[in-house]
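Engineer: Please read through the structure below; I'll follow up with questions.
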Amino acid sequence: MGKPESKWSEHLIKRKVDENFFDIEDDLTPEEADRIDDLRLYCDADLSNLKNVKEVRNEVRKTKKAKPRSDIVGFVADAILEDLDEIESDLKFAEGRRGKFVLFVNDWGQKLYKDLRKSEDFNDIVVGTHVDSELILVHGEVKDSSHLSQIIKLISASPPGVPVQYRVIVESS
């Protein structure tokens, strides 16, 4: 039995600190190596909620300020703090109304794309959220009206529960 397919929405929200921050080619003192290991350990925490991000940020700041000061530890800590800012911003977005809607549409669209991408007739069709409204946009081009009818039928078979707007050009010859 294969690994379950991940949802697209899981890739839209950053929840991990970049591992590359810890790949240091400079010669480190034993103390610097220990502090970098501590930073890595803090960053291995569950960063799926704002409380945990705040706790990790505090530990990273303490490690950065610890004496004796180290430029390389400070550099790594600063990079981590920037990443934590991005994670925090993503989590706040995901918790908001707009974020929840965007994540929902991405997961709903993932299922639709499985069917659409079975045929090259639908390669120019894109599904996403409207910039300002909570509705799904289906846009692109198809070669004839029967293809547009197929798209509408596919969406009707698994309705998203929100309005769907079609902006599809039909290239009738």
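The values are calculated or read from the model by the stated rules, or taken from the named source; none is laboratory data. Just so it is clear, the structure is predicted and the values come from calculations on it, not from any experiment. In this analysis, Cβ positions are derived from the backbone assuming ideal geometry, glycine residues included, and neighbour counts consider all displayed protein chains.
Engineer: Please verify whether Ser149 is under 21 Å from Ile13 (Cβ atoms), surrounded by 11 or more Cβ atoms within 10 Å (Cβ to Cβ), free of Cβ contacts under 8 Å to residues at least 12 places away in the same chain and of a type in the set (Ser, Thr, Tyr), treating the condition exactly as stated.
Structural biologist: Values: under 21 Å from Ile13 (Cβ atoms): no; surrounded by 11 or more Cβ atoms within 10 Å (Cβ to Cβ): yes; free of Cβ contacts under 8 Å to residues at least 12 places away in the same chain: yes; of a type in the set (Ser, Thr, Tyr): yes.
No: the conditions fail for Ser149.
Engineer: Is there a residue in the range 121-134 that is of a type in the set (Asp, Glu) and either part of a helix (DSSP H, G or I) or in contact (Cβ under 8 Å) with a residue 60 or more places away in the chain (or both)?
Structural biologist: So in the range 121-134, the residues of a type in the set (Asp, Glu) come out as 121, 124, 132, 134.
Of the ones still in play, those that are also either part of a helix (DSSP H, G or I) or in contact (Cβ under 8 Å) with a residue 60 or more places away in the chain (or both) are 121.
Yes, that holds for at least one residue.
Engineer: Restrict the check to the range 36-51 and report whether at least one residue is more than 22 Å from the chain's Cα centre (by Cα), among the charged types (D, E, K, R) and surrounded by 14 or more Cβ atoms within 10 Å (Cβ to Cβ). So that I can check it myself, show each step before the final result.
Structural biologist: The first filter runs over the range 36-51 and keeps only residues more than 22 Å from the chain's Cα centre (by Cα), leaving 36-39, 41.
If we keep only those that are among the charged types (D, E, K, R) as well, we get 37-38.
Those still in the list that are surrounded by 14 or more Cβ atoms within 10 Å (Cβ to Cβ) too: 38.
Yes, the conditions are met somewhere in the range 36-51.
Engineer: Only residues that are closer than 17 Å to Ile80 by Cα and acidic (Asp, Glu): list them for the range 21-39, please.
Structural biologist: Within the range 21-39, Asp23, Glu32, Asp34, Asp37, Asp38 qualify.
Engineer: Among the residues of the range 122-135, is any buried (at least 17 other Cβ atoms within 10 Å of the Cβ), touching a strand residue (DSSP E or B) at 6+ places or on another chain (Cβ under 9 Å) and more than 25 Å from His11 (Cα to Cα)? Show your work before the answer.
Structural biologist: Step one: of the range 122-135, the residues buried (at least 17 other Cβ atoms within 10 Å of the Cβ) are 122, 125, 127, 129.
If we keep only those that are touching a strand residue (DSSP E or B) at 6+ places or on another chain (Cβ under 9 Å) as well, we get 122, 125, 127, 129.
From what's left, more than 25 Å from His11 (Cα to Cα): none.
No, there is no match, as no residue in the range 122-135 is buried (at least 17 other Cβ atoms within 10 Å of the Cβ), touching a strand residue (DSSP E or B) at 6+ places or on another chain (Cβ under 9 Å) and more than 25 Å from His11 (Cα to Cα).
So that you can scan it fast, the table gives a plain yes or no per residue for (1) farther than 30 Å from Lys111 by Cα; (2) in a loop (DSSP other than H, G, I, E, B); (3) among the β-branched types (Val, Ile, Thr); (4) at pLDDT 95 or above:
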| residue | (1), (2), (3), (4) |
| --- | --- |
| Met1 | no, yes, no, no |
| Glu5 | no, yes, no, no |
| Arg15 | no, yes, no, no |
| Phe21 | yes, no, no, no |
| Ile24 | yes, yes, yes, no |
| Leu39 | yes, no, no, yes |
| Ser48 | no, yes, no, no |
| Asn52 | yes, no, no, yes |
| Arg61 | yes, no, no, yes |
